[in-house]
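The values are calculated or read from the model by the stated rules, or taken from the named source; none is laboratory data. No experiment lies behind these values; they were computed from the predicted model shown. Please note: Cβ atoms are built from the backbone with ideal geometry, for glycine as well, and neighbour counts cover all protein chains shown. For accessibility, only protein heavy atoms count, side chains too; no ligands or nucleic acids. Shrake-Rupley method; radii C 1.70, N 1.55, O 1.52, S 1.80 Å.
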Amino acid sequence: MLVLLIAIAFALITVDIRGGEQSPLDGARQAAASAFGPVERGVARVVNPVGNAVSAVRDAGQRHSRIRQLEHENAALKLKLGTPDRTRNRAAELDKILKTAATGQYAIKGAEVIAIGSAQGFSWTVTVDAGSRDGIARDMTVLNGDGLVGRITTVTPHTSTVLLAADPEFTVGTRMEKTNEIGFANGQGVRSLRVQLLNGRADVKQGDRLVTFGSSKDKPFVPGVPVGTVVKVEPLNGDLTRSLQVRPFVSFSSLDVVGIVVQPPRKDPRDTVLPPPVKPRPTPTVTVTATPSASASPRS
């Protein structure tokens, strides 16, 4: 019986194929489709939700993993791009650094501060993301758009350590604006820099400004980098040198982008890198004039 049924099935298939669109079985096929179509649709309505649920459960783990991956990628992109305010601030800082370098004729390599010094070292240092592969070497001057940041002390292939001018062990030669008086500045941590002028009788007042004097062969300091403004002139007390308290131009607690001087200027820029002096605003004065009333009679 099974062999007979198989033979009949093959015979019907052969007749249907040879007949093509004029197959004698076309009417029977349509009748079967009409009869069984509603049944198929009813079964599909019952079975499809179950199948979709099974597929959803099977693919849920993959979908959650993909969502987590996309969330991580999105967070990384946001961190890389930063907020609009931070992007604008960094662009402004880079612009200031480029203007400072152009004015002083310094060839610089830009770098980003990526870490601060360890507390165990008790030193004011930062780590930047530029190293020997970028042409950085020890005893290079580091600056930003405001002035002197520090000098390079340690170099690896990809990073460098900068000793900040605020460090108590930091010393740099300075020169007074206009008078050219020479001195040495030392860091005092969060406080202002302390500068000792070689000339104890130098005429100095608050508001006077200083730049770097420069080192032999321009290492570790190139000349002309703004250092700070005098905020206090200490009394002589019989000393042969004159001590000053100087407020640095650079804010060492908010460093982000810096420039490393990889090539010194051909000649000393002197005071040209200093920003234009701030002119004090005149204090407005008001003169009050008493006007006699019309009813007042003149004295005889």
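For region 155-203, what is the Kirkwood hydrodynamic radius in Å, using each pair of distinct C-alpha atoms?
Hydrodynamic radius (Kirkwood, Cα pairs) of region 155-203 is 12.4 Å.
Leaving ligands, DNA and RNA out of it, work out the accessible area of Glu71 with a 1.4 Å probe and give it in Å² to the nearest 10.
Roll a 1.4 Å probe over it and Glu71 shows about 110 Å².
According to a simple spin-label model (label point 7 Å from Cα along Cα-to-Cβ), what is the distance in nm between Thr272 and Leu236?
3.7 nm
Which number do you get for Rg(Cα) / (2.2 N^0.38 Å) in region 97-210?
Expressed relative to 2.2 N^0.38 Å, the Cα Rg reads 1.17.
Kirkwood Rh over Cα pairs of region 180-227 into Stokes-Einstein at 4 °C, 1.567 mPa s: D in µm²/s?
Roughly 108 µm²/s, to the nearest whole number.
Considering Cα pairs under 8 angstrom that are at least six residues apart, work out the relative contact order of region 91-178 and quote it in whole percent.
RCO, region 91-178: 25 percent.
So, for region 123-243, what is the accessible surface per residue at a probe of 1.4 Å, expressed in square angstrom? Provide the component values of the computation, followed by the final result.
Numbers: 5500 Å² over 121 residues.
Ligands and nucleic acids excluded, the result is 45 Å² per residue.
Could you report the accessible area of Arg90 in Å², rounded to 10, computed with a 1.4 Å probe on the protein chains as they sit in the structure?
Roll a 1.4 Å probe over it and Arg90 shows about 60 Å².
Tell me whether region 212-262 comes out rounded, prolate or oblate; compute the Cα gyration tensor, take square roots of the eigenvalues as a ≥ b ≥ c, and use a/c under 1.5 as the rounded threshold.
On the way: a/c = 3.88, a/b = 1.52, b/c = 2.55.
Taking the square roots of the gyration eigenvalues as a ≥ b ≥ c, region 212-262 is oblate.
Could you rank Ile116, Ile260 by how accessible they are, 1.4 Å probe, largest area first?
My answer, sorted largest first, is Ile116, Ile260.
Give the long-range amide H neighbours of Thr154: residues separated by 5 or more places, or on another chain, with amide H under 5 Å away, using H modelled in the peptide plane at 1.01 Å from N.
Under 5 Å from the amide H of Thr154 lie the amide H atoms of Thr161, each far enough along the sequence or on another chain.
With 26 Å as the limit, write out which pairs from Lys96/Lys219; Lys178/Lys267; Lys99/Lys232 have Cα-Cα distances beyond it, or answer none. Can you show the working numbers first?
Numbers: Lys96/Lys219 23 Å; Lys178/Lys267 17 Å; Lys99/Lys232 29 Å.
Among Lys96/Lys219; Lys178/Lys267; Lys99/Lys232, the Cα-Cα distance tops 26 Å for Lys99/Lys232.
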